[in-house]
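> Structure incoming, see below.
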Amino acid sequence: MFEKTTLLLIAGISPLCAQGILNPLVVTATRTEQAESTAPYTTAFLDSVFLRDHAPRTLPDAFQYIPGVLVQKTAHGHGSPFIRGFTGRQNLLLVDGVRVNNSTFRGGPVQYWNTVDALAIDHLEVIKSQGSVLYGSDAVGGTVNAFTKSSGFRDETAGQAYAGGSAFYEYRANGDGSHIGRLETEAGVGGKFGILLGLSAKDYGDIEDSAVGRMHNTGYPEQNLDFRFDWAVSAESTITFASSYVNQDDISRWHRTLDNPGWTDGSHVAARGKWTENTYDQERSLTYLRYAGEDPRANAPVKRWSATLSFQTTDDSEFQNRFPDSKASNSGVLRSSSIDVETTGVDLVLESPVGPGSLVYGFDFYHDEVGSSGYRSNALGGPRAEVLPVADDSDYDLFGSYCQYVFKPTDRFELTAGARYTYAEASLGRFAGGGDESRDWNDVVGSLRGIYSLNDGWSVYGGVSQAFRAPNLDDLTGNLSAKSGAPVIGDPDVNPEEYITYELGARRQTDSASLNFAVFYTAADELIVSSFTDPTLATAIASNAGDGYVYGVELEGAWQFHPQWTLSGFAAWQKGRTESATFVGGPVEEKPNTRQLPLSGSVALRWDDASGKFWVEGRILAADLEDRITDVDQAADNQRIPTNGTPGYVVASLRAGWHATENLDLTCGIENLTDESYRVHGSGQNEAGLSGIFGVKVSW
């Protein structure tokens, strides 16, 4: 334990990811372009170089080197980042600014973030505790904006036709081995238009580690297709049409199944699985049309605008065979459920100079049409009883209008103030115990943030932001299983959750170093929590029975101490507690949140060849023991969280790359050098043991 804690302290005083030195331009924090170092929020920016060199297996894997983020994996294909203590529908995921969260997202760690192809992403922006002013419901722990690749036609020679492309292949040598590939092609006329077409195919094999061995049925196939067309209406404005599709099949919730033999690490014991099968299929598509631009005139009434029309479809299916678990007989041995959602969205953003500052304002509207089906039956497959995962034939509307004003009272001090009005309405179709009901809610939230520039690159920032989450269809009518299989029933009478976050930070930015320190405190009222109906832990029901808080400390930085050498690292820690009743009608108890971020950190040393052809990076990632959990919560989730908590770990990796020619890039790496058997807290399976990674990219 001493050695692990020492490594974390070293990571803390070692300056984050090297991309922080670049001080990139970000847009998600304030809906307008600004340097990361001037944002009044704690942010993270993962650029295309970082994503290429670290080759995240899935989108959630990309967040593991961001302080304050716990990347929990219920399954190897179901990752759910906990950002500042919140996950799932309490974080907001955007793709090119389009809202991905819909009204059927269930509570707790969810699988939806895996439906964004990491190979199609150009860069990621993460805004922590940003609140709901700019993006509405769900933006509590954080807002993540995934920006997809484009043809870059404006960077090509004006008026000249161009064409190109690339082929990428990666092999991961662990367990059954994983084969990952992508083809891209682009064409257009410089300065006029550009087209990009991408196709990704992934065959993830079963993973293994030194203690559990081969984790059978943790692999799965995935196919992705994306298309983007950009057309320059003028030198300052662009019309974009983009469409993407992802398909994933047979992703196993491995921890629940007989493939899971259990895991023992000293006094820490995770229970074995009890079901024959629990698999998910997921399909998602996103298509949008956008007109965006800016007016360069000094007296322009609107200096920047963006108007977007989007359409999304999701198909989320689950099958459970709970045999031979005897406890499953109460809810049927065989269970199948499917949720289909069609989402239409409209988003308008305008920016105008007003007085001494700039006003960003607009509105967004998303309409969900939801269909659901499901059944349960005995081991022989009949007779069937209908069990709907959410209300069938339902509609859900989410409308918001907002404004945010940014101005400088002095040369060194910038103030950002904003407010949003939201209206949400759920029209409920058929569900167990009801139907043909309607609920609606109104909410107003605000935010006040400031940043003060000192000298020598130092600045301090902070403020207070409100956030909220409107009840969705799962809260209102859900009938899904959570934790180790217990059904969770919705309640049509629940009300919105409300949050308020206080944050204070300091950062330093120079040409060769970056440093950021932040503390935050988030208070939560009227949390929609699940309370068990009786001590058997057989069924839980949703209610606004929770009040709580979470606070934490984050330190990150990077130091380029030599033109070819960069030292980077981070450290983070959180604590949170919730007041609620474990059983309906029982006494209210204050207990720790079930998946808290333990003391965690990372340190990396990178060397880049002066010619730009070679690079090598070594990294250590570590986490301390996480045992802040009640006996009742641990017993209800004992296949994921071992007795006495999740053990700490120290994992080392080594990566390297070679820009062999102008058209050939080679990468390789060794992950988990010491073949450590470890699990990220709250996950449903261990991480892979010793792994080799080999990648090749050919461009033309």
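> Regarding region 367-387, can at least one residue be identified that is modelled with pLDDT of 95 or more and within 20 Å of Gly97 (Cα to Cα)?
Yes.
> Moving to a separate point now. I need the full set of residues from region 513-535 which are among the hydrophobic types (A, V, I, L, M, F, W, C), within 23 Å of the chain's Cα centre (by Cα) and at pLDDT 90 or above, in order please.
Hits for region 513-535 are Phe517, Ala518, Val519, Phe520, Ala523, Ala524, Leu527, Ile528.
> Something else now. Would you point out the residue of region 41-54, among those that are assigned to a loop (DSSP other than H, G, I, E, B) and out of contact with any Gly (no Cβ under 6 Å at 6 or more places or on another chain), that is nearest to Val696 (Cα to Cα)?
Asp47
> Still on this structure, I have one more. Find the strands (runs of 3 or more DSSP E) located wholly in region 201-308 whose residues include 3 or more that are more than 30 Å from Leu348 (Cα to Cα), in contact with a strand residue (DSSP E or B) (Cβ under 9 Å, 6 or more places away or on another chain) and of a type in the set (Ser, Thr, Tyr), and list them.
Those strands (runs of 3 or more DSSP E) do not exist here; none qualify.
> Restricting attention to region 592-610, report how many residues are surrounded by fewer than 19 Cβ atoms within 10 Å (Cβ to Cβ) and more than 16 Å from Thr566 (Cα to Cα).
Qualifying residue count for the region: 1.
> Quick one: would you say Ala62 is closer than 22 Å to Thr148 by Cα, surrounded by 24 or more Cβ atoms within 10 Å (Cβ to Cβ) and aliphatic (A, V, I, L, M)?
yes
> Looking for something in a loop (DSSP other than H, G, I, E, B), surrounded by fewer than 19 Cβ atoms within 10 Å (Cβ to Cβ), modelled with pLDDT under 95 and among the charged types (D, E, K, R) - is there at least one such residue anywhere in region 321-333?
yes
> Which ones in region 638-648 are part of a loop (DSSP other than H, G, I, E, B) and either buried (at least 17 other Cβ atoms within 10 Å of the Cβ) or within 24 Å of the chain's Cα centre (by Cα) (or both)?
Scanning region 638-648 gives Asn638, Gln639, Arg640, Ile641, Pro642, Gly645, Pro647, Gly648.
> Another question, if that's okay. Can you go through Thr58, Thr43, Thr28, Thr32 and tell me which one is in contact with a helix residue (DSSP H, G or I) (Cβ under 7 Å, 6 or more places away or on another chain), among the polar types (S, T, N, Q) and more than 19 Å from Ala506 (Cα to Cα)?
Only one candidate qualifies: Thr58.
> Taking the stated definitions as given, is Arg154 assigned to a strand (DSSP E or B), farther than 15 Å from Asp226 by Cα and more than 22 Å from the chain's Cα centre (by Cα)?
Taking the combined requirement at face value, the residue does not satisfy it.
> Something else: Can you list residue pairs whose Cβ atoms sit under 6 Å apart, with the first residue in region 97-110 being more than 25 Å from Lys149 (Cα to Cα) and the second being of a type in the set (Val, Ile, Thr) and in a loop (DSSP other than H, G, I, E, B)? Count only pairs 6 or more apart in sequence or on different chains.
Thr104/Val390; Pro109/Thr87
> Another one. Can you confirm whether Ala688 is surrounded by fewer than 16 Cβ atoms within 10 Å (Cβ to Cβ) and among the small types (Gly, Ala, Ser)?
Judged against the criteria, Ala688 is not a match.
> Of (1) among the aliphatic types (A, V, I, L, M); (2) within 23 Å of the chain's Cα centre (by Cα); (3) more than 30 Å from Thr594 (Cα to Cα), Val651 satisfies all except one. Which?
(3)
> Condition test on Trp615, is it part of a strand (DSSP E or B), surrounded by 18 or more Cβ atoms within 10 Å (Cβ to Cβ) and at pLDDT 95 or above?
Answer is yes for this residue.
> For region 57-82, name all the residues that are closer than 19 Å to Asp122 by Cβ, part of a loop (DSSP other than H, G, I, E, B) and either modelled with pLDDT of 90 or more or in contact with a Leu (Cβ under 7 Å, 6 or more places away or on another chain) (or both).
Correct list: Thr58, Leu59, Tyr65, Ile66.
> Quick one: would you say Gly462 is at pLDDT 95 or above and either outside any strand (DSSP E or B) or surrounded by fewer than 18 Cβ atoms within 10 Å (Cβ to Cβ) (or both)?
no
> Let me ask something else. When region 259-273 is examined, which residues are found to be more than 20 Å from Asp627 (Cα to Cα) and out of contact with any Gly (no Cβ under 7 Å at 6 or more places or on another chain)?
Selection gives Pro261, Gly273.
> Take the conditions more than 30 Å from Thr477 (Cβ to Cβ), of a type in the set (A, V, I, L, M, F, W, C), crowded, with 17+ Cβ neighbours inside 10 Å and in contact with a Phe, Trp or Tyr (Cβ under 8 Å, 6 or more places away or on another chain) and apply them to Phe520. Does it pass?
Spelling it out, Phe520 is indeed more than 30 Å from Thr477 (Cβ to Cβ), of a type in the set (A, V, I, L, M, F, W, C), crowded, with 17+ Cβ neighbours inside 10 Å and in contact with a Phe, Trp or Tyr (Cβ under 8 Å, 6 or more places away or on another chain).
> A follow-up question, please. Among the residues of region 505-512, is any within 25 Å of the chain's Cα centre (by Cα) and closer than 16 Å to Lys575 by Cβ?
So far as region 505-512 goes, no, none of its residues is within 25 Å of the chain's Cα centre (by Cα) and closer than 16 Å to Lys575 by Cβ.
> Let me ask something additional. Just the residues that are touching a Gly at 6+ places or on another chain (Cβ under 6 Å) and not hydroxyl-bearing (Ser, Thr, Tyr), please, taken from region 404-428.
Gln404, Val406, Phe407, Leu415, Ala419, Arg420
> Scanning for something buried (at least 18 other Cβ atoms within 10 Å of the Cβ), of a type outside the set (Phe, Trp, Tyr) and either at pLDDT below 95 or out of contact with any Phe, Trp or Tyr (no Cβ under 9 Å at 6 or more places or on another chain) (or both), does region 353-360 turn up at least one residue?
No, that holds for no residue.
> Of the residues Ala545, Ala581, Ala635, Ala538, which is over 26 Å from Phe63 (Cα atoms), buried (at least 17 other Cβ atoms within 10 Å of the Cβ) and either more than 26 Å from the chain's Cα centre (by Cα) or modelled with pLDDT under 95 (or both)?
That would be Ala545, the only listed residue that is over 26 Å from Phe63 (Cα atoms), buried (at least 17 other Cβ atoms within 10 Å of the Cβ) and either more than 26 Å from the chain's Cα centre (by Cα) or modelled with pLDDT under 95 (or both).
> Of the residues Gly219, Gly262, Gly188, Gly198, which single one is over 20 Å from Arg57 (Cα atoms), among the small types (Gly, Ala, Ser) and crowded, with 19+ Cβ neighbours inside 10 Å?
Gly188
> Which residues, taken from region 99-141, are aliphatic (A, V, I, L, M), part of a strand (DSSP E or B) and buried (at least 24 other Cβ atoms within 10 Å of the Cβ)?
The answer is Leu124, Val126, Ile127.
The values are calculated or read from the model by the stated rules, or taken from the named source; none is laboratory data. The structure presented is a predicted model; accordingly, all values stated were derived computationally and were not measured. Cβ coordinates were reconstructed from backbone atoms using ideal geometry, including for glycine residues, and neighbour counts include every protein chain displayed.
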